[in-house]
Amino acid sequence: MRYLSQDIERTLTQEKKMAFIAGPRQVGKTTFAQTLLKKVHSEHGYYNWDIEAHRATLLKDPTYFWKKPPLPQRLVLDEIHKYPRWKRFLKGFFDANRGQVEVIVTGSGRLDLYQKGGDSLFGRYHR
């Protein structure tokens, strides 16, 4: 995964887009993403849909991420594609916070980016 580091850093810092990291289970996506958080001292910016407390926070108040000051410089949303309205949530969050927070999305699935209908993330991410 380390060979992707420069491309992801460029996507986040220069292109100001979200970075999507998808791949099979157990290849190091989460560990790699957490390493990218440590590079900018944003360890508190890690959220995992599979962790009950993280999931409960998002389900209780999806705008929590907008309200919670201060936003970390970099944010990882791990397995967020399991959230039924994840694209709408991500689009709104990214548009509201563009330039304030760098977003990395990780998942073992295809992230269903090409599913028909729904909100488009076109131009907002690099996979």
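Of note:
- Environment charge at R10 (Cβ cut-off 13 Å; Lys +1, Arg +1, Asp -1, Glu -1): -2
- In this structure, the amide hydrogen of E102, modeled 1.01 Å from its nitrogen in the peptide plane, lies closer than 5 angstrom to those of R74, L75, counting only residues at least 5 positions away or on a different chain.
- Were the residues from V40 through Q26 laid out at 0.36 nm apart, the gain over their Cα-Cα distance would be 2.6 nm.
- For M18, residues with placed amide H under 5 Å, excluding near neighbours: Y125, H126
- Packing around the peptides 94-107, 50-63, 5-18, taken as the average count of other Cβ atoms within 10 Å per residue, puts them in this order, highest first: 94-107, 5-18, 50-63.
- Pairwise centroid distance, computed over Cα atoms, of the stretch 1-16 with the stretch 43-77, Å: 22
- Where labels lie 7 Å past Cα in the beta-carbon direction, separation of D50 and T13 in nm: 3.0
- Whole-Hz couplings from phi, Karplus 6.51/-1.76/1.60, listed for the stretch 69-74; x for Gly and Pro: x, x, 5, x, 4, 9
- Spacing of the two label points (7 Å from each Cα toward its C-beta) at T57 and R2, in nm: 3.0
No value in this document is a laboratory result; all are computed from the given coordinates. Quick caveat, the model's predicted, so the values are computed rather than measured. Reconstructed Cβ throughout: ideal geometry from the backbone, glycine too, with neighbour counts over all protein chains shown.
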